[in-house]
Amino acid sequence: MQIPDIVIAIDGCSSTGKSSFAKLLAKELGFLYLDSGALYRGVTLFAQEEHYISRMNIIRPELEEALQTLPLRFNSDNRTFIGDRCIEKEIRTMEVSAQVSPIAAVPYVRAFVDAKLHEAAAARRVVMDGRDIGTTVFPDAEVKIFMTASEEVRARRRYDELVAKGEYPVMEEVVENLRQRDYIDSHRETSPLCRAADSYLLDNSDMTLKEEVEWVKGLIRGKYTIYD
Ligand code: CDP
C-alpha cells in the first residue's frame, strides 16, 4: 500500500491497546512507531531513581534542569534507553505507572517529550501513540484515531500484560491505577487527554488487533483513494 508521508496520531485512555495497535500498523505500513508514553515513563523512572520525586508525588524543581542533559532516546528497534542503558522493562512496572501521570502533568516535562517526538518525526511517516498527539503534539496529523474500550476489558489487558512480564499484580490495584491515571490525564491543565474533533473513534472492546488494523487501512485507502 503506497501511502504519502503522513503522521498517524493515536490517542486514548490507558490500556486501550494503543501501543500494540500502533506498533503493528507502523510495521504494516513501513512507518516508524513512536511511543510517547515510553518517554513519560522514562522521565518518571529517572525522577524516581535520582530522587526528584517523593512518594507523595512532590517533584523537585531541579528536575527541569536535569532534563536538559537527560539522554533519553529510542534505539532502532523502538526500545527506550537512557544513554546506553535499556530501560524498557523498568518503565513498564506498577511503580512507574503509579507516578507517571503527575510527572506528565508538568509543563516542562511535556515540552521535553514534545521536542523529542518532533525530532524523531522530522521526516513524518510515523505512527505515534499517546494522550495528546492529535490535539497538541501534531495537531496537523493527517489521520487521527481516538481509542476507547470498556474499563473491564482495559483492566484485564493491563493485568495480563503485567503477568506476562513476570509481575504479580492485584486486579483492584490495576483498576485503581487506570482510573487515577485517566482522571489526572483528563483533568490536567497542560494538554489534557481529550478527543480531537477531527479524530475517528475506535472502540476495540470487541475487536481483534487484526480487525483494528484492517479498519484503519480501509480508512486510509478511502482518504487517499488507494486501490491496492
Ligand atoms: O500504557 P498506557 O497506555 O497505560 O500508558 P502510556 O501510553 O505508557 O503512558 C503512560 C502515561 O504517560 C499516561 O498515563 C499519561 O500520564 C502520560 N502520557 C501523556 O501524558 N501524554 C502522552 N502523549 C503519552 C503519555
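Values computed for the structure shown
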{"item": "In the range 29-54, residue farthest from the ligand (Cβ to nearest atom) [restricted to those that are among the charged types (D, E, K, R) and part of a helix (DSSP H, G or I)]", "result": "E49"}
{"item": "Single condition A26 does not satisfy, out of (1) buried (at least 20 other Cβ atoms within 10 Å of the Cβ); (2) within 14 Å of the ligand (Cβ to nearest atom); (3) touching a residue at least 60 places away in the same chain (Cβ under 8 Å); (4) among the small types (G, A, S)", "result": "(2)"}
{"item": "Among the residues listed as R60, R41, the single one being surrounded by 12 or more Cβ atoms within 10 Å (Cβ to Cβ), closer than 18 Å to K116 by Cα, at pLDDT 95 or above and of a type outside the set (V, I, T)", "result": "R41"}
{"item": "Filtered residue count, the range 94-109, keeping only those that are surrounded by fewer than 15 Cβ atoms within 10 Å (Cβ to Cβ) and not aromatic (F, W, Y)", "result": "2"}
{"item": "Given (1) on the phi < 0 side of the Ramachandran plot; (2) within 14 Å of the ligand (Cβ to nearest atom), index of the condition N57 fails", "result": "(1)"}
{"item": "Candidate set from the range 149-183 (those that are aliphatic (A, V, I, L, M) and touching a Cys at 6+ places or on another chain (Cβ under 9 Å)); member that is farthest from S14 (Cα to Cα)", "result": "A149"}
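The values are calculated or read from the model by the stated rules, or taken from the named source; none is laboratory data. This structure is a prediction, so every number in the text was calculated from the model and none was measured. Every residue, glycine among them, receives a Cβ derived from its backbone with ideal geometry; neighbour counts consider all protein chains shown.
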